[in-house]
Structure formats: C-alpha cells, structure tokens
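The values are calculated or read from the model by the stated rules, or taken from the named source; none is laboratory data. Keep in mind the model is a prediction, meaning the values are calculated, not measured. Counting neighbours? That spans all protein chains shown, and the Cβs are built from the backbone with ideal geometry, glycine included.
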Amino acid sequence: MTLDTPVAPEAPLDDQITIQQLTLDPYTVYKRLRAEAPVLRVKAVGRTLLTKASDTKYVKDNPALFSSNDPNTPMQRAFRAHTLMRKDGAEHAAERGAMAPAFTARNIKQCWEPIYTQIAEDYVSRLPRGETVDLFPALAGPFAARCLTHLLGIPEASDDDMQRWSQILIDGAGNFGWADALFAQCDAANDEMDTLFAAASERLRADPDQSALSVMVNAEDPIPTSQIYSNIKIAIGGGINEPRDALLTILYGLMINPDQFAAVKRDALWADAFEEGVRWVAPIQVSSRLVTEDTEIRGFHIPKGDTVMTIQASANHDEDIYEDGHLYNVFRPKLPHQAFGNGPHFCQGTHVARRMLANIMLPLLCDRFPNMTLPDPAAVQFYGFGFRGPRSLPVTLN
Ligand code: HEM
C-alpha cells in the first residue's frame, strides 16, 4: 500500500445485539441492519454480519477470498473430523464428489422416491383423525429421519437415534463455549455412529446399493474411512432439521393463509409452497466464512483473518429483491432465493428435499387431511439463530 492509497474504514461495531434477540426475533434485527448497517461487526456473535442478498451471494461464490476452512469453530471437535463443510477446493470437491452418485436425479426418481413415498404413507397413516396433534414429533422429525437412513445406507438406525445424533452434532458444532459436557455427548454419539457405520459398510460391501455409504465404500478409489464417516455425519447433522423445519414452516404458512392453501390444493402448487416456505424462514439461517486476504465489502475494510457471517435468512427478505418479504405468499414472482446456499457448498440435498416434501409429503398429507386446521396460530413459536423453525405445530387433523 502506498501512502496516498485511501484506507477503507472498519465496519461499525455493535455491542447491543444479543444472541437471544437473534434467536427469538432475528428478522426484526435483520430488517434494520439491511437499512442501516448491512456490514456490521456484532460483538455478541464475534463475526461481521452481512445482511444484503448481493453480499451474501458474493461471499459464497468467492471461496478463494472467503474460505470455509475456519479452524476456530468447534465442528472439528464435535465430529472428531475435519468435515467437507469446512474444506475448500480440490479436497472439498473430492469428498463431496464421493457422495454425489447417491444424489443423482436418476437415483432420486428410481430409488428414493418409491421408498420415500412408502415411508410417507406409513407415517401419515398412523396419525389420528379428528385429533389435535403436534406434527413436529408425530410426523416431521421421524419422516425426515427415516428418509435419510435410506439415502445414507443405514436403515438399521432408529428414528430416535437419528434425531438424537443429529441434535448432538448440531449442538456440538455450535459449542462455541467449548463446554466439556457437550463434547462428551458428541464423543458417545460418535462411538455409536462409528460402530453402526462399520457394520453397515460390511453389509454394503457384500450387497451394494445406491446409498451414500455404499457408493463411498465401494468406489474404485475410495476416500479414507474417516472421511466417509464424517460425510455421513454431516448428512445426519444437516439432513434432518432442515426438511423437518421446512415442512412445519410450509404447513404453518399455508394454514395462516387459507386462500393460498385452497389454491395450492386446487392447482397442486406444491413446488411453489415449498420454495416460498424455505425462502420465508430459511431452515439454515446463517453460514460463516473465513477471510483469506484483506478486502472490502460495501466500502468497509474486511481484514484477513476476520470471519464474515452470511445471513441467508436476511438475503431472502431483501427489499432489493422481494416485496413484503416477511409475508408467506405462494403467488409472489419466482425469484432465486438463498435458502440452499450458493457456490461450491450449495446444499447437496436440495433436490432430495424438494422431492420428499413438494412431491411426496405435502400432497399426501393434504389429501388424507384436506381440512386440517391450526387451532391456535399464536401458540406456534419460531425459534433459532443458526437453524430456525417452529418449536411445535399442533394441528387438528380432519
Ligand atoms: C429444506 C431442506 C434443506 C435446506 C434448506 C438445506 C440448506 C443447506 C445450506 C444452506 C447448505 C450450505 C451451508 C453453507 O454454505 O455453509 C447446505 C449444505 C449441505 N446440505 Fe443441505 N439443506 C436441506 C436439506 C438437506 C438434505 C435432505 C440433505 C441430505 C443429505 C442435505 C445435505 C447437505 C450437505 C451434505 C451439505 C454440505 C455440502 C457441502 O459442504 O459441499 N441437505 N444445506
């Protein structure tokens, strides 16, 4: 830098915003930040928050400048592995590619759709007609878990174990206080998973199928076993909460907008209902990237070593793109959203999630219970800063 090079100012620093606010009512905060401070260092989070859609996309599309390889997160400790979500370049591509054959359009149609349809039939048929039921534990969680066991090649895992492991891995990856007790839970869950994966790998070597574990262990040049296991763990940590929360969010959005719900059922607008639901309340609200070189965003100096947090939840409500983005509206013009991320780490399960909810679960559930209602909309509370969805969804099934 020469003496006459103007130095961009640091981004403003906020010491008022709390994690609790971002957990309970994030959208009010993000709306203000988009208008007043779209690049803001937030003390409570220890990161620079980016709330405008063009900035969040720019960061995720530029992995050389904004790396996923952030060594300061507890994820590595929680997973007992450096996972593909925290890798860049060729290393990331190799591990993502190892799992990719399980996610092809052909496999989704030929393998997973028939299995998922059967699971949906089974799980919807056990719901009691005429009663008010919380669809979180009664349907959304178990359905997401059971579908995932098949995709991953571990159908011997129970729905309860899958949901428990998923939550423990998520809690561990978010254990920024480095609490020993939480990591001890992670260790116990990792032991259970590793034992199960070893037995399942043996079975799949003898009798291969299209599942993620099978394609990885039977590959001509397999990635190391430790990485095969960590890929499966990433999918467990990242493949249950999101479809579960998306399903509950979409149903809530439809039930508080009966005119939209009627149109969706009449014209089979399930894909629109799905896309609008994940835009409205993104199941994964934020992601972090490590800055590899001094740079600037919106005229602010972003130093090497800083961690920026892309708030895709906020990007999906950005006034530059959406009118009344805070409202669920299946009729809004189709515009790209960022709920599945951008760039090399774009969600690997996007098409699986669309298929399981938009093509299978939503139409089936609404066919079986065409007059389902939400007896007390005010009782439904959305919760979460990193991941977000309704804490419960009591629905009267008719
Ligand atoms: C509505 C449902 C879902 C949403 C909204 C969602 C969202 C996301 C987002 C935003 C990311 C990127 C995170 C980042 O950039 O750091 C991601 C990554 C990922 N998702 Fe999903 N996801 C969903 C369902 C699933 C499912 C069903 C699976 C099944 C296995 C899955 C597997 C993955 C994997 C493996 C990654 C890591 C990809 C990589 O790092 O290359 N997701 N997801």
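So Pro363 passes all but one of these: (1) away from the ligand (no atom under 16 Å from the Cβ); (2) surrounded by fewer than 19 Cβ atoms within 10 Å (Cβ to Cβ); (3) assigned to a loop (DSSP other than H, G, I, E, B). Which condition number does it fail?
For Pro363, the failing item is (3).
Which numbered condition in (1) in a loop (DSSP other than H, G, I, E, B); (2) more than 21 Å from the chain's Cα centre (by Cα); (3) within 15 Å of the ligand (Cβ to nearest atom) is the only one that Glu91 fails?
(1)
Any residue that is modelled with pLDDT of 95 or more, in contact with a strand residue (DSSP E or B) (Cβ under 7 Å, 6 or more places away or on another chain), farther than 30 Å from Arg129 by Cα and surrounded by 15 or more Cβ atoms within 10 Å (Cβ to Cβ) - is there at least one of those in the stretch 338-350?
Checked against the condition, which is being modelled with pLDDT of 95 or more, in contact with a strand residue (DSSP E or B) (Cβ under 7 Å, 6 or more places away or on another chain), farther than 30 Å from Arg129 by Cα and surrounded by 15 or more Cβ atoms within 10 Å (Cβ to Cβ), the stretch 338-350 yields at least one hit.
Among the helices (runs of 4 or more DSSP H) contained in the stretch 1-88, which hold 1 or more residues that are buried (at least 16 other Cβ atoms within 10 Å of the Cβ) and of a type in the set (S, T, N, Q)?
On the way: elements: 19-24, 26-36, 53-60, 75-79.
The qualifying helices (runs of 4 or more DSSP H) are 53-60, 75-79.
Residues in the stretch 251-273: is at least one buried (at least 17 other Cβ atoms within 10 Å of the Cβ), within 30 Å of Lys87 (Cβ to Cβ) and modelled with pLDDT of 95 or more?
No, because not a single residue in the stretch 251-273 is buried (at least 17 other Cβ atoms within 10 Å of the Cβ), within 30 Å of Lys87 (Cβ to Cβ) and modelled with pLDDT of 95 or more.
Hey, can you tell me all the residues within the stretch 30-59 that are aromatic (Phe, Trp, Tyr) and out of contact with any strand residue (DSSP E or B) (no Cβ under 7 Å at 6 or more places or on another chain)? Before you say what the answer is, go through the steps one by one.
Quick first cut of the stretch 30-59, residues aromatic (Phe, Trp, Tyr) only: 30, 58.
Result: Tyr58, single match.
Could you say which residue among Asp324, Asp318, Asp367 is over 17 Å from Asp245 (Cβ atoms) and in contact (Cβ under 8 Å) with a residue 24 or more places away in the chain?
On the way: Asp324 fails: in contact (Cβ under 8 Å) with a residue 24 or more places away in the chain; Asp367 fails: in contact (Cβ under 8 Å) with a residue 24 or more places away in the chain.
Sole residue among the options that is over 17 Å from Asp245 (Cβ atoms) and in contact (Cβ under 8 Å) with a residue 24 or more places away in the chain: Asp318.
Return the residues of the stretch 320-344 that are within 16 Å of the ligand (Cβ to nearest atom) and under 29 Å from Asp88 (Cβ atoms); say none if nothing qualifies.
Within the stretch 320-344, Pro336, His337, Gln338, Ala339, Phe340, Gly341, Asn342, Gly343, Pro344 meet the criteria.
Check off (1) part of a helix (DSSP H, G or I); (2) within 10 Å of the ligand (Cβ to nearest atom); (3) of a type outside the set (A, V, I, L, M); (4) within 23 Å of Trp112 (Cα to Cα) for Cys347 and give me the number that stays unchecked.
(1)
What are the residues in the stretch 217-268 that are of a type in the set (A, V, I, L, M, F, W, C), more than 16 Å from the ligand (Cβ to nearest atom) and within 26 Å of Met193 (Cα to Cα), if any?
Answer for the stretch 217-268, where residues must be of a type in the set (A, V, I, L, M, F, W, C), more than 16 Å from the ligand (Cβ to nearest atom) and within 26 Å of Met193 (Cα to Cα): Val217, Ala219.
Between Arg126, Arg106, Arg146, which is among the charged types (D, E, K, R) and surrounded by 20 or more Cβ atoms within 10 Å (Cβ to Cβ)?
Numbers: Arg126 fails: surrounded by 20 or more Cβ atoms within 10 Å (Cβ to Cβ); Arg106 fails: surrounded by 20 or more Cβ atoms within 10 Å (Cβ to Cβ).
None of the other options fit; the residue is Arg146.
Determine which single condition Thr117 fails, assuming it passes every other condition in (1) in contact with a strand residue (DSSP E or B) (Cβ under 6 Å, 6 or more places away or on another chain); (2) away from the ligand (no atom under 13 Å from the Cβ).
Status for Thr117: all satisfied but (1).
If I ask for residues that are away from the ligand (no atom under 15 Å from the Cβ), under 22 Å from Ser392 (Cα atoms) and at pLDDT below 95, which ones from the stretch 132-188 would you list?
Scanning the stretch 132-188 gives a single hit, Asp171.
Of everything in the stretch 109-123, what is surrounded by fewer than 19 Cβ atoms within 10 Å (Cβ to Cβ) and out of contact with any His (no Cβ under 7 Å at 6 or more places or on another chain)? Give them in sequence order.
Answer for the stretch 109-123, where residues must be surrounded by fewer than 19 Cβ atoms within 10 Å (Cβ to Cβ) and out of contact with any His (no Cβ under 7 Å at 6 or more places or on another chain): Lys109, Gln110, Cys111, Glu113, Pro114, Thr117, Gln118, Glu121, Asp122.
Going through Thr28, Thr56 one at a time, which residue ends up being within 16 Å of the ligand (Cβ to nearest atom) and on the phi < 0 side of the Ramachandran plot?
Working: Thr28 fails: within 16 Å of the ligand (Cβ to nearest atom).
Just one listed residue meets the conditions, Thr56.
Would you check if Asn371 is in a loop (DSSP other than H, G, I, E, B), touching a strand residue (DSSP E or B) at 6+ places or on another chain (Cβ under 8 Å) and modelled with pLDDT of 95 or more? Break it down into steps so the answer makes sense when it comes.
Details: in a loop (DSSP other than H, G, I, E, B): yes; touching a strand residue (DSSP E or B) at 6+ places or on another chain (Cβ under 8 Å): no; modelled with pLDDT of 95 or more: yes.
In short, no.
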